[in-house]
Structure formats: structure tokens, C-alpha cells
Amino acid sequence: MSAEPVLTISGLNVDYGTDAGAVHALRDIDLTLHRGEVLGLAGESGSGKSTLAYAVTRLLSPPGVITGGGVHYHRPGGDHVDILSLAPRQLRAFRWQELSIVFQGAMNSLNPVHTVHSQLTDVLAAHRPELKKRQRTDRAKELLELVGISADRLAAYPHQLSGGMRQRVMIAMALALEPEIVIMDEPTTALDVVMQRQILRRLVQLREQLNFSVVFITHDISLLIEFSDRIAIMYGGRIVEQAGAAEIYRDPRHPYSDGLLHSFPALHGPRRELTGIPGSPPHLSAMPTGCAFHPRCGKAFAPCAGQIPLLAPPADGPGRAVACHLHA
Amino acid sequence: MTSDQPEHARTGSATTRTGSGPAPTGTDVVLEARGVTKHFPLRRTARDLFARERRSVHAVDDVSLRLRRGTVTALVGESGSGKSTVARLLAQLHPLTSGEIRLGGEPVVAGRGRSFRRYVRRVQLIFQDPFASLNPVHTVRYHLTRALKIHGRAGSGETELEENLAALLNRVQLTPPQQFLDKFPHELSGGQRQRVAIARALGADPQVLLADEPVSMLDVSIRLGVLNLLRDLKERLHLAILYITHDIASARYFADTTLVMYAGRIVEGGDSERVTQHPAHPYTQLLIASAPDPDRIVADEEQEETGTGEPPSLITPPAGCRFHPRCPQAMERCRTELPPRFDLPEGQWAACWLYDGAAANGTEPVADRTAVKEATR
């Protein structure tokens, strides 16, 4: 896997609302997605992980506004695109073609009154007008088989498919134009574990075949550790830690990452008493001063309440970053 | 405090019983289901009329389980496996198609009105979604007062009621109670709301709590807090808890006994540790192989393809074992004959033909894929 970046986010800020009552949903997000990698984005509700997905694709609807920072996409050739300054027409061409997104609750994102065939070919008709009708149908069949659904289900309506199949149709749609980046916002939360694993394994295989990059957003960190290469953990609108999946698992540095890892009972190994994290996640409109995690943190000390820790590599661990005064 | 009197009385008697030995006796069983079956009839179409068919969804078939005082029993299954229906049947929210529910050894059929209320006083249900199960226009005080009054535990007079309310909130660790009593549900976080829902259930001073996915709507960092609270309540109040979940790892963490349900039938049961570490039924093995497990990162490449396929339609469930179309070890017999329970060592049992005669030989579960994988690593 090369370390060539495909998407760079720098200093991204997103607010909801513009006046004095605006809440800061994302603060100073710096994140790089490399070509061919699966980047996991973990966080609880309200941590800003979905907002980040929407901001990057410029799908953020009012009152959400991007108040600062930049998002750059790097084409394989080397030239790069400033996503935040694309004109509407360029943006339309860019979306799906180069970056696609599978939404949260995607199983219900299919239009119930259209067949899978018409929904799959619709995107081809819009982005690849040179294709003939026949070619579009062939491509749609190919796509379905890619995600493990037999091509004869093309004529089916969404209600005739199971939840797992609908989810796979959504993934097939996202891959229809062979984008460089696929963002998956909680793609499997509504599914059962057996189906979840089937779909994710499929996705990993497809990633190897087609060499796209994935941003995988979920609250289930044990799933991320298994399926992603690198993980960024978000809390209160900021990235608090970023490291390789195995590093996060073996040696989490931020107390929140540690708490999150200890919130999932293990299936194997000794049975331990787990405590979760005391308190509850902060509300965006009442964000604690300093480090947003300090009221729930067992290791909080003097500077935590007043000073916001910056995301920086810890002294002993290059290649990773953590935003915590303990490691400053 | 008046509200605590029955609790102390009960705790006292139960402690003496636990002191006499860890082996549960028949008297410990509070709520029992025997061969409980529920079919939901479908609306008849013209074709059904011609074919003289009465089609129905076989949501729950022949489910037997026992909830014991002071233990947590987990019921694990995928969505659509019928696990929530079992909770609703045990709460007497639906009439049974066949079978029997026994409370304290007596068969009960709670109708509506008084007999139903008498039943729910002893068996309380906690729902999955604390955002929907509390009325948004009423305060915590209203919700709890109502539960206490309905079940005749409000005490006499204002001060006693206040004391009882405070005791309830203290019990679910919402302290200080005064800070929460006059809050509306929207002012509370998800975890706090679920605690209010639990407090409301405790307002009836029940013997059985049926918890239908009590933590799956909560943020991950606070789930364990709620589970630990339920365990604490189980120990202090000697409640029998049915914990319904899709997360088998949390069943291992929280429950004493685990039952695994597939397509309307219970396929395996036993001690939680035993069921999760040595799963006997191929479905349980599939479930465990599919659960997210960070330890697996190393071995991901060599991992075999976990099962394929999906749960069957419950309108026309497969003959024989309902898992046979997906089962890697299906035999001819599985397609036609329904497997009965086969007893395995250490109180474990599985409804699978693989174990026909296994108990007699005292053999270990033969198809222990997870254990094999652990050993080879």
C-alpha cells in the first residue's frame, strides 16, 4: 500500500447555525486518506463523524456551514482538486464519479417504487451518457454480481430483497462508476452480525480488486479494529487520537480511546469486570471548556479544564497522533 | 422506608436459600415458559381462500425456558428470530397460540384489566428505546408516581411518596434524586432515560424484569453502565432478568445462562461461558465466528468464509431443522426430522442431530470450530 494521499482534510471547521447561538460541530479536523486504505472513523453520537462525511462531500445542508479549512482530492495523475471551491456543475461530476457515499440506514435509501435495475442504471445514464441501454444493463448485472447478488434479481423491487441484499445493492451503486473514494456512514449498523461480516468481507475483497479507498464510519470500534488499516477517534467534534488499527487496540493513548475499547465485552479470554465510561457524551451546545473529555476522564489534571490539547504525535510514537495533555 | 420493606424481606429469604448451595432448586424458578408457540395469522388473500389455506407467521415455536430468582438469562438471536416476541408473550401482551406460562409454579393466563395488572405487578418489561418509552410531555416525577400509584406502592401521604420516589431514583443511581425528579425526558441523556425506564419498572416491585435490548439504543460508552446497574439490581433485589440481545459478547459478560434462538426456536442453551466458549450448535458457532473480535486481525487472511445465506421465511419455515439450508454440516436427517434437545456435559444442550447420542458417550461438542481456531493460532 502506497502512502500517496488521495484525500486531505486540513483545519476543517463546521458550525450549525451562523449567529451567536451557533454550535461547533467540527473543530480543526486534520485527516489524510491514503490510496487503497480503509480509514476507520469512530465516535459516539454527536461526536461529529457523520457531519465530517457530509462536509467532505459538500452535502451539508443548512444550518450546517463550513466555516473554515480545506478539503483536497488528489487524482491518480497528481493534480489535485479543491472540493470546497468546486462549481455546482463540477461538483455534480465529481460526486459519485470520484467520491461516493453509502449512507447511514442505506437499506431504506432505495426508492421503493423503482426496480433495482432502474436505480442502478440511472446513475450510469447520468454520468456515462455515451453508454447504450444494453451496455448499461450489462454493467448493472456485473455490479450486482460483484456484491454477490445473482443478476436475475435486477428486476426486483427493494421490498422483495432482504435488508442485507438492499445494503449490498447500495454498495453496488456506490461502486457503479469506480470511484477512488467510498465513504461509508454506519453501513452495517442495521444488520445482523452474520450479514455484517459477509458484507464487510466482500467490501475488503472488492477494495483489493478495484483499489479504492474507504472511509468507514461507525461507533463499533471492535469492528473497525478488524476491518480498517488506520483509525481516527472523534470526541466532541475533534479528532482525539489517530493511529494504526493494531496500535490503537494494543496501546491506546487517549483515555477516551482506552475507555471506548473497554466498553465492549470480549468474546474470548478472561471475563473481566468492565465499567464503560462514566457520565455521558457532551451535547454540542454545552461543550466543556478545555479538553471536551475532561469531565468524564479519570486521568484529568490541572491543564485539562482550561486548555484544549492539540492533536500531535506523542514523544515516543511517531506515525500516530493524540490530543491529550498527558502526552504533550 | 415503606418501599424497601418487601425488598428486605425477600432478600433475606433468598440469601438463606443461596447459602444452602449454588445448585438452583426448582423453587427458584419464578417465571417459566413451557412449549410456548405463537403464530401470527396473515391476512387471507383470494388465493388462500381457494387453496383453503390459513397462512401464518411462525414467530415462536415450542419455546421453553425458566427464569430463576437472582439470575440473568440471555436470549440471543438475529432480528426476526422471534426473541422480542418471546418477551412480549412472557409479558402477556399477546395471547399464546399454544403452550403455557407459569408464574411461581402456577399456570397463568392474564386477560385484561385486574388480572393483567396483578400479573404485571410481578413481571415488568423494559423496552429498547428510552426515547420512545417515556412520554415527552411528562416529568420523571409523573412517570414514577404513576407506576407507584398503579401498583399501590405510593404510600400514604406526600412525604412517603417523596421518599419512595427518591428511593427509586437512588436505586438506579440517578443521584441526587431532587435533580432528576422534575426533569422532562428531553433534558436527560439516553442512559439517564433508560435508567428512568428501569426505575419505573422497579416501581411495581417486580420479581421478573424482561429487558428487550435495553442497551442497544444507547451510546457505546454508557452501555456497560446500564448493564452493570441491572446486574447490581439483580443481586440486591434478587430479580430474575431476561436479557434479550443480538450481541452474544454482552450475553457472555452479563448473563448467567444463555439461550440462542434461531428462526423462532431455541437451538442451544446452557451456562453463558460454556455456550460462548464451546458453542455446540452450528448456528451458535456461526454467530460467534461473525461477531466483531479485535483479536482476529492477525488471522483474518486464513479465516474461512463464514456462513452464507439468510434466515428462512417464517411463513413457510424449512422442514426438519430450521437451520439446515445454511448449515455446513447438514445431514440427510436434518432436512426432514426436527432435532430434539440433546443434553451435553455441564448443563449445556443443543437441538442438533450432531449430538444424537453424544450425551451418552459424554463427548465434547464435536464441531468446535472456534476452539480449533484458537488452538491453531
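Only the coordinates and a few stated rules stand behind these numbers; no lab work does. This is a predicted model, so every value here is computed, not measured. Please note: Cβ atoms are built from the backbone with ideal geometry, for glycine as well, and neighbour counts cover all protein chains shown.
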If exposed means GluC sites (Glu not before Pro) lying in a DSSP loop and surrounded by at most 13 other beta carbons within 10 Å, then the longest stretch of chain A lacking such sites spans residues A:131-272
As straight-line cross-link partners of A:Lys132, the qualifying aspartates and glutamates (C-alpha separation under 13 Å, not fewer than 8 residues apart within one chain) are A:Asp122
Restricting to aspartates and glutamates and to Cα separations under 17 Å from B:Lys183, and discarding same-chain partners fewer than 8 apart, the set is B:Glu162
Farthest towards the positive end of the dipole of segment A:33-96, among A:Gly78, A:Pro88, A:Val56 and with Cβ unit charges of +1 on Lys and Arg and -1 on Asp and Glu, lies the Cα of A:Pro88
Per-residue average of other protein chain Cβ atoms inside 10 Å, peptide A:125-137 -> 0
Mean other chain Cβ within 10 Å across A:194-205 is 4
Per DSSP, the loop-located chymotrypsin sites (Phe, Trp or Tyr not before Pro) within segment A:219-328 having at most 12 other beta carbons within 10 Å are A:Phe301
If unit charges are put on Cβ atoms (+1 for Lys and Arg, -1 for Asp and Glu) and the dipole of the protein assembly as shown is taken about its Cα centre, the option from A:Leu203, B:Asn164, B:Tyr355 lying farthest towards the positive end turns out to be B:Asn164
Simple spin-label estimate for A:Ser10/A:Arg128, 7 Å along Cα→Cβ, in nm, reads 3.5 nm
The answer for the per residue Cα convex hull volume of the protein assembly as shown, in Å³, is 196 Å³
Each residue of A:268-281 has, on average, a number of other protein chain C-beta atoms within 10 Å of its C-beta equal to 6
Given B:79-90, B:278-289, the highest-first ranking by average Cβ count within 10 Å works out to B:278-289, B:79-90
Here the percent of antiparallel bridges among DSSP beta bridges lying wholly in chain A, to the nearest 5, is 60 percent
The alpha-carbon center of segment A:120-198 and that of segment B:161-182 are separated, in whole Å, by 52 Å
Taking the dipole of chain A about the Cα centre (Lys, Arg +1; Asp, Glu -1; charges at Cβ), the one of A:Leu41, A:Ala286, A:Val322 that reaches farthest to the positive side is A:Leu41
Highest mean packing first, using Cβ neighbours within 10 angstrom, the peptides B:247-253, B:342-348 sort as B:247-253, B:342-348
